[in-house]
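Accompanying notes for the structure given below.
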Amino acid sequence: MGFEVVRGAALSWGAIGLWSSAYLAETLGSREIPVRVGGDDRNLAAREVLHGELAPYSYVFQTSILFGAPRLLGDLSLPLGAPSPADLLEINLWYGPSGNHAPLHFDTKDNYYVQVAGEKRFILVDPAKTDMQLADASSPDWRKGRLDVGSGGVDAAEIVLHPGDVLHMDPFMGHDVTAVTDSISVNFWYKARLDRVAPEMVYRLAFWLSQSDDPKSELNGFILPNERANVASFLIETVQEYCSGQAGKHVRAASDDWLAELECLLCG
């Protein structure tokens with residue numbers, strides 16, 4: 001589990017030097033996109049958000065380019081060294097004004113993050129080495145950490161991305177993100193190698209899946225190196241082994257109903 005930064009790897013993209021809030025507003029026009037304004041999430045017309053009175057206060061997050069804004073695809077390329085295009089799940093657009101902050105959290109997918117315009121600061125925390133003080137696995141905020149990454153003594157890496165830089169983060173890598181300047185970014189989510197995920201995180205994933213309306217569909221975001229291997233069976237076996245080794249440590253036992261029900265849904 002870790003990360004890698006490749007400086008300037010995307011400098012040849014058409015988006016570099018072209019994309020601005022005005023360009024995105026013109027290209028996306030009246031298409032509604034998800035935006036956070038003052039802590040309130042809503043869908044608003046891109047033109048209004050990116051080139052209007054709300055622009056200095058708006059955080060555009062996880063806007064699908066692959067499925068919702070294909071006109072922008074011609075300005076992009078797949079990141080060098082990325083997995084097979086067959087494992088690509090989504091391409092997202094992110095835009096935020098200077099000072100915009102996303103507190104410590106992790107993603108369950110293989111993440112290639114590309115800075116297009118402006119600068120962003122990442123503080124990266126490896127959950128295999130540092131306790132991120134995560135919320136309980138049953139919480140809606142199960143991917144968020146309460147660790148104060150700004151306090152002294154925290155084992156974390158700090159990097160600043162500039163236009164053309166590519167950051168690859170393994171699944172479940174903790175990251176706290178701040179826009180140093182007005183910022184435009186793109187990220188590519190790929191299916192995650194489940195065998196590379198720490199057992200504690202597999203346990204958290206399994207409990208989250210047990211609360212999902214469609215766990216089989218969610219599990220499609222994970223793969224194993226052996227194409228014939230059963231991802232669901234690997235997940236259940238890993239959780240059972242993890243639970244047996246964590247007896248008495250506030251971990252729900254593998255014999256609990258939630259895991260049996262999940263096994264029926266995934267393997268039945």
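The values are calculated or read from the model by the stated rules, or taken from the named source; none is laboratory data. This one's a predicted model, so the numbers in the text were calculated from it and none came from an experiment. Note that we place each Cβ from the backbone using ideal geometry, even for glycine, and neighbour counts take in every protein chain shown.
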Could you please tell me which pairs satisfy a Cβ distance under 7 Å, a separation of 6+ or placement on different chains, a first residue in the range 59-75 that is modelled with pLDDT of 95 or more and crowded, with 16+ Cβ neighbours inside 10 Å, and a second residue that is hydroxyl-bearing (S, T, Y) and assigned to a helix (DSSP H, G or I)?
L72/T27
Sort out for me the strands (runs of 3 or more DSSP E) sitting completely within the range 46-126 that have 2 or more residues that are under 16 Å from A179 (Cβ atoms), of a type in the set (S, T, Y) and assigned by TED's automatic domain parsing to the domain that holds V166.
58-64
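From the list V197, V239, V231, which residue is within 17 Å of the chain's Cα centre (by Cα) and either outside the structural domain of Y95 (by TED's automatic domain parsing) or surrounded by 20 or more Cβ atoms within 10 Å (Cβ to Cβ) (or both)? Write out each step before concluding.
On the way: V239 fails: within 17 Å of the chain's Cα centre (by Cα); V231 fails: within 17 Å of the chain's Cα centre (by Cα).
Answer to the check: V197.
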Quick one: in the range 169-186, which of the residues that are within 17 Å of Q62 (Cα to Cα) and surrounded by fewer than 21 Cβ atoms within 10 Å (Cβ to Cβ) is nearest to the chain's Cα centre (by Cα)?
T178
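Being surrounded by 18 or more Cβ atoms within 10 Å (Cβ to Cβ) and at negative phi is true for just one of L11, L28. Which residue is that? Reasoning before the result, please.
Numbers: L11 fails: surrounded by 18 or more Cβ atoms within 10 Å (Cβ to Cβ).
Every option except L28 fails the conditions.
Residue by residue through the range 187-239, note down the ones that are part of a helix (DSSP H, G or I), free of Cβ contacts under 8 Å to residues at least 12 places away in the same chain and among the hydroxyl-bearing types (S, T, Y). Reasoning before the result, please.
Within the range 187-239, the first condition is being part of a helix (DSSP H, G or I), and the residues that meet it are 194-196, 199-211, 215-219, 231-239.
With the extra rule that they be free of Cβ contacts under 8 Å to residues at least 12 places away in the same chain, the set shrinks to 217-218, 237.
Once the filter is applied, which keeps residues that are part of a helix (DSSP H, G or I), free of Cβ contacts under 8 Å to residues at least 12 places away in the same chain and among the hydroxyl-bearing types (S, T, Y), the range 187-239 yields only S217.
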